[in-house]
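The structure appears right after this line, and notes come after that.
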Amino acid sequence: MVEPLFIGILLGSPEINGGTYVIYEHGSRLKRRGHRVAIITREAVEPEQHAWHPAAAELEWITVEQARPLTFDFIVATWWQSAFMLHEFSAMHAVYFIQSIESG
């Protein structure tokens with residue numbers, strides 16, 4: 001079995017949209033495989049904001065401020081602005097998850 005990883009996913013908005021749905025799907029599937037997954041947002045998120053997705057409540061929800069002192073195995077940027085935030089976190093690996101061409 002693979003050693004569990006601590007994965008932080010930077011999220012711009014918990015509100016309903018296709019991109020956020022995909023992020024929740026990836027996060028919840030990683031959690032079900034035994035990894036610790038934290039959704040990182042600029043501001044605190046209330047459960048009703050992500051209640052539209054059945055698996056979102058399974059994930060850990062923290063703010064950028066709460067995440068800064070933590071050490072992640074992976075930190076994932078999910079929108080263009082968050083790619084410029086990656087240096088603010090301690091992580092073994094930093095990646096940018098691109099779902100589509102944002103310049104189009």
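The values are calculated or read from the model by the stated rules, or taken from the named source; none is laboratory data. Note that the structure is a prediction, hence the values are computed from the model and not measured. When we count neighbours, we look across all protein chains shown, and the Cβ atoms used for this are built from the backbone with ideal geometry, even at glycine. These accessible areas exclude ligands, DNA and RNA; they are computed on the full protein's heavy atoms, side chains included. Shrake-Rupley method; radii C 1.70, N 1.55, O 1.52, S 1.80 Å.
Taken as a whole, region 75-84 holds at least one residue that is assigned to a loop (DSSP other than H, G, I, E, B) and open to solvent by 20 Å² or more (accessible area, probe 1.4 Å).
The sole residue among 44, 57, 83 that is among the small types (Gly, Ala, Ser) and within 13 Å of residue 13 (Cα to Cα) is 44.
Which count do you get for residues in region 51-89 that are of a type in the set (Ser, Thr, Tyr) and closer than 21 Å to residue 34 by Cα? Break it down into steps so the answer makes sense when it comes.
Quick first cut of region 51-89, residues of a type in the set (Ser, Thr, Tyr) only: 63, 71, 78, 82.
Going one step further and asking which of them are closer than 21 Å to residue 34 by Cα, we end up with 71.
Of the residues in region 51-89, 1 are of a type in the set (Ser, Thr, Tyr) and closer than 21 Å to residue 34 by Cα.
Considering (1) closer than 14 Å to residue 99 by Cβ; (2) out of contact with any strand residue (DSSP E or B) (no Cβ under 9 Å at 6 or more places or on another chain), the lone condition that residue 49 does not fulfil carries the number (1).
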